1. Against the condition in contact with a Cys (Cβ under 7 Å, 6 or more places away or on another chain), outside the structural domain of LEU173 (by TED's automatic domain parsing), assigned to a helix (DSSP H, G or I) and more than 25 Å from GLY153 (Cβ to Cβ), how does ARG279 come out, does it pass?
2. Which of the residues belonging to the stretch 146-176 are in contact with a Ser or Thr (Cβ under 8 Å, 6 or more places away or on another chain), free of Cβ contacts under 8 Å to residues at least 40 places away in the same chain and part of a loop (DSSP other than H, G, I, E, B)?
3. Which pairs have Cβ atoms under 8 Å, sit 6 or more apart or on different chains, and link a residue in the stretch 56-82 that is farther than 26 Å from GLY130 by Cα and assigned by TED's automatic domain parsing to the domain that holds HIS18 to one that is surrounded by 17 or more Cβ atoms within 10 Å (Cβ to Cβ) and of a type in the set (Ser, Thr, Tyr)?
4. Can you find, within the stretch 254-308, the residue that is surrounded by the fewest Cβ atoms within 10 Å (Cβ to Cβ) among those that are more than 17 Å from the chain's Cα centre (by Cα) and of a type in the set (Asp, Glu)?
5. Looking at ALA4, ALA69, ALA33, ALA25, which is the one that is over 22 Å from the mean Cα position of the chain (by Cα) and closer than 22 Å to GLU193 by Cα?
6. Give, as residue ranges, the helices (runs of 4 or more DSSP H) completely inside the stretch 1-100 that count at least 1 residues that are under 19 Å from ARG299 (Cβ atoms) and among the polar types (S, T, N, Q).
7. When you check PHE311 against the structure, is it closer than 16 Å to GLU243 by Cβ and buried (at least 21 other Cβ atoms within 10 Å of the Cβ), yes or no?
Amino acid sequence: MNFAVIGAGAWGTAFAIHLARAGQAVQLVPRRAEHAEQLQRCRENADYLPGIALPENVGVTAELAPAVAGAEVLLLACPSQALRETAQRVRAALARAQSGGEAGRSGGDAPLQAAPGVPPPRLVLSLAKGLEVGSHKRPCEVIAECLPDCTVGALTGPTNAAEVARGQPAAMLLACAPTRESLTPVQAALSSERLRVYTSADLVGAELGGCLKNIYAIAAGCCDGLRLGDNARAALLTRALAEMLRVGVALGAQAETFYGLSGFGDLVATCHGAWSRNRQFGEQLGAGARAADLLAGRRSVVEGYKTTQSFAGLCAARGIDAPILREMYAILFEGKAPAAALSALMTRELKQEGGDA
């Protein structure tokens, strides 16, 4: 099966390596031409995934139109706040490819109708994990707005880019609403002896779990930075899962999804993994650093930062009670000390576990 991975950060590069190892045809499309040239020359993504060689059967190009023209499946591997602009570029590139080169250069507002020999992609998958600031939309909602004629889904779960690139065992969730029979060959193509892919029709739950866990990973990092111990972290993660489920169900997700790979699985991996940017960010906050200082000049994105802002606004608008999320917003955007946030959580009204507690 022919894949195009749009975005050559750590995760986009890792997944392109996985696909090539699984015997699929794959084009990796960096945003910058100079990055593409560096990858072609060195066969290593020194900026985002150093020390891991790019297989020779991974094609690299900065030319978006030819890459998407030959792809059956597109994977959008960019930060959530860049997703709309990326999807709009994909739309314009598809329009150019399907019209012979000129259509879509000013935005691609015409319907995406395939030209002879250039079929539209079978599926467009999001690898992003964050809500869009302002609109509060999930990644697949953003993509569907930009690519209304394409089937859209999400590929999510507890996966560290370097481990996937090295071929260490992992499992993921391929979510599309509703689940279609056409997902079966895509599921098979994405899977290998080292990466097992499950399918789900709960696209809302799959995406919300992937977004929310980044917020709670920052909170777990704060616990580590404050050196609160294993008891505190275990209590936090337990209550974070309950809050994740409550928020998700209120936003239209299925409860059981949060006990699976995109919920509990991703929460555990991101809150415990030494590699987790969100957990590391939280640990530095707990140790006394300021969020603005930590974010200044970063090359990699801390998805949980902006996602906290989006979810805080969404929960306030919908009247959803999310005390951990609310305290994380206060730490990140109102200057509240992590220790004071912990005190606020510990001195809340005592309740019975279960239900809406």
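1. Values: in contact with a Cys (Cβ under 7 Å, 6 or more places away or on another chain): yes; outside the structural domain of LEU173 (by TED's automatic domain parsing): yes; assigned to a helix (DSSP H, G or I): yes; more than 25 Å from GLY153 (Cβ to Cβ): yes.
Yes.
2. THR151
3. Sorted first by the residue in the stretch 56-82, then by its partner, the list stays empty.
4. Checking each candidate, the answer is ASP293.
5. On the way: ALA4 fails: over 22 Å from the mean Cα position of the chain (by Cα); ALA69 fails: closer than 22 Å to GLU193 by Cα; ALA33 fails: closer than 22 Å to GLU193 by Cα.
Result: ALA25 is the single residue among ALA4, ALA69, ALA33, ALA25 that is over 22 Å from the mean Cα position of the chain (by Cα) and closer than 22 Å to GLU193 by Cα.
6. Details: elements: 10-21, 33-42, 64-69, 83-99.
Passing ranges, in order: 10-21, 33-42, 83-99.
7. Values: closer than 16 Å to GLU243 by Cβ: yes; buried (at least 21 other Cβ atoms within 10 Å of the Cβ): yes.
The answer is yes for PHE311.
Residues are listed down the side, and each one gets a yes or a no for (1) assigned to a loop (DSSP other than H, G, I, E, B); (2) of a type outside the set (D, E, K, R); (3) touching a His at 6+ places or on another chain (Cβ under 9 Å); (4) free of Cβ contacts under 8 Å to residues at least 60 places away in the same chain:
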| residue | (1), (2), (3), (4) |
| --- | --- |
| ALA292 | no, yes, no, yes |
| ARG299 | yes, no, no, no |
| TYR305 | no, yes, no, no |
| ARG326 | no, no, no, yes |
| TYR329 | no, yes, no, yes |
| LYS336 | yes, no, no, yes |
| ALA341 | no, yes, no, no |
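The values are calculated or read from the model by the stated rules, or taken from the named source; none is laboratory data. Worth saying up front: this structure is predicted, and the values here are computed from it rather than measured. Note that we place each Cβ from the backbone using ideal geometry, even for glycine, and neighbour counts take in every protein chain shown.
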